[in-house]
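Following: one structure in structure tokens, then a few remarks.
The values are calculated or read from the model by the stated rules, or taken from the named source; none is laboratory data. Being a predicted model, the structure only gives us computed values, none of them experimental. Please note: Cβ atoms are built from the backbone with ideal geometry, for glycine as well, and neighbour counts cover all protein chains shown.
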Amino acid sequence: MATRKASCCICGKEKGGVRCEGCLRIFCLSDFPKHREDLTNQLDAVGVKRDLFRQALTDTQVELLEQHTYMKEISRWENDSIKKIRQVAADTRQTLSQHLLEHCTILDDKLHKLTDKIKQSQEENDFFEMDLDYWNRELDELKEQLLNVPNIVIQKDNAPFIAKISVMTPVEQSNNTRRNTKHDATQMTNAENYFTTCPFCEEPLTSFSKRDHVLICGRKTDECPKCRRFVSRAVFARHCANDCANLDEC
């Protein structure tokens, strides 16, 4: 009895032939090249699809770098930070200018009074060595005061007024979570031992020594540039803000 040959999956004829290792179907010798040609066409289509995705990826990269929401947010943060810095700089510069002008006005008033005394003595021809020594000392003192403006300190806050931003990848987010967990435990142990500064002289202090230092430093006095009185540091700012009110007596 003759053995039946397998049928071709395309023409259906029992010619026998070749089994495709991919789809496991049987093809006759005439139709198998057609099957391979069809696979080649499908591969070409995959290549075209890959090329289209490559172009789309390139275009999207450019768009992401220029139009991504976070890019816009970073730009807004940059502009807002610059505005804040410029505003603080302008306000601080104005405050310093006012203080310097007030200092110069005080010196100009003193110089004017000294000039009147010198002119009067010169007109009356009534001056001696002790007068000349006194005037020279006064002028030297005025010059020293001009070069050494009192009660000016540039104070920098410990806490920044502009919050820093950064980009955290998923890996960094995971690592940060673990670090925060460990940090919280350590922070609870060291919570009472932080560093700060004296509000009057800005000397670095620990939290343990701040209280005693501030009590002593606050009792010290500085000369007011307006009324020339010595005022305790604890009320110095309010003294100047209230037109030289004697707050120590309140």
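Enumerate the pairs (first residue in segment 1-28 and on the phi > 0 side of the Ramachandran plot; second residue anywhere and modelled with pLDDT under 85 and surrounded by 11 or more Cβ atoms within 10 Å (Cβ to Cβ)) with beta-carbon separation below 6 Å, excluding pairs fewer than 6 apart on the same chain, so at least 6 apart or on different chains.
Cβ pairs passing all conditions: G16/K5; G16/A6.
Checking the conditions here, which among E73, E63 is part of a helix (DSSP H, G or I) and surrounded by 11 or more Cβ atoms within 10 Å (Cβ to Cβ)?
E73
Residues to consider are V149, V167; find the one that is surrounded by 12 or more Cβ atoms within 10 Å (Cβ to Cβ) and in contact with a helix residue (DSSP H, G or I) (Cβ under 9 Å, 6 or more places away or on another chain).
None of the others qualify; the one that does is V149.
Considering every residue within segment 42-63, establish whether at least one is charged (D, E, K, R), within 30 Å of I165 (Cβ to Cβ), out of contact with any Gly (no Cβ under 6 Å at 6 or more places or on another chain) and modelled with pLDDT under 90.
Scanning segment 42-63, I find at least one residue that is charged (D, E, K, R), within 30 Å of I165 (Cβ to Cβ), out of contact with any Gly (no Cβ under 6 Å at 6 or more places or on another chain) and modelled with pLDDT under 90, so the answer is yes.
Being within 30 Å of D140 (Cβ to Cβ), of a type outside the set (F, W, Y), part of a helix (DSSP H, G or I) and without any contact (Cβ under 8 Å) to a residue 24 or more places away in the chain is the requirement here; does H103 meet it?
Here the answer is no, as H103 does not meet what is asked.
How many residues, within segment 218-233, are modelled with pLDDT of 75 or more and in a helix (DSSP H, G or I)?
1
Between residues in segment 135-148 that are in the same structural domain as L111 (by TED's automatic domain parsing) and within 13 Å of H103 (Cβ to Cβ) and residues that are at pLDDT 90 or above and basic (K, R), which pairs lie under 7 Å by C-beta distance while being six or more apart or on different chains?
L142/K110
Taking the stated definitions as given, is V88 surrounded by fewer than 11 Cβ atoms within 10 Å (Cβ to Cβ) and assigned to a helix (DSSP H, G or I)?
Taking the combined requirement at face value, the residue does not satisfy it.
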